[in-house]
Amino acid sequence: MKIEKAKQLTARKFKRMTGVSRKTFDFMVDVVKADEKKKKKSGRRPKLIIEDQILMVIQYWREYRTYYHIGLDWGLS
């Protein structure tokens with residue numbers, strides 16, 4: 001589930017899906033974005049926006065799915 005669909009969930013369903021509140025999720029996004037600004041821009045651009053990257057990591061941590069199956073769900077190889 002990408003961030004567009006996750007934003008439509010109620011606060012309770014969002015926490016049930018991710019294990020964190022929206023406030024915590026937004027804080028995580030802010031931390032990662034601040035770290036990204038420090039990096040030198042080289043290489044290709046990521047296929048997923050930061051919010052989707054964090055959702056994907058949370059999915060990995062909560063469900064212990066393999067990278068292969070997560071990649072299939074997110075359209076990555």
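Just so you know, all these numbers are worked out from the coordinates, no wet-lab data involved. All of these numbers come straight from a predicted model, not from anything done at the bench. Counting neighbours? That spans all protein chains shown, and the Cβs are built from the backbone with ideal geometry, glycine included.
Observations on the model:
- When Gly43, Gly71 are screened for being loosely packed, with under 11 Cβ neighbours inside 10 Å and either more than 12 Å from the chain's Cα centre (by Cα) or in contact (Cβ under 8 Å) with a residue 40 or more places away in the chain (or both), only Gly43 passes.
- Residues satisfying the stated conditions in region 53-66, i.e. over 23 Å from Lys33 (Cα atoms) and either among the small types (Gly, Ala, Ser) or loosely packed, with under 12 Cβ neighbours inside 10 Å (or both): Glu63, Tyr64, Thr66
- Residue count, region 1-42 (criterion: among the hydrophobic types (A, V, I, L, M, F, W, C) and over 11 Å from Leu55 (Cβ atoms)): 6
- Among (1) part of a helix (DSSP H, G or I); (2) within 18 Å of Lys2 (Cα to Cα); (3) touching a helix residue (DSSP H, G or I) at 6+ places or on another chain (Cβ under 9 Å), the one test that Tyr68 misses: (3)
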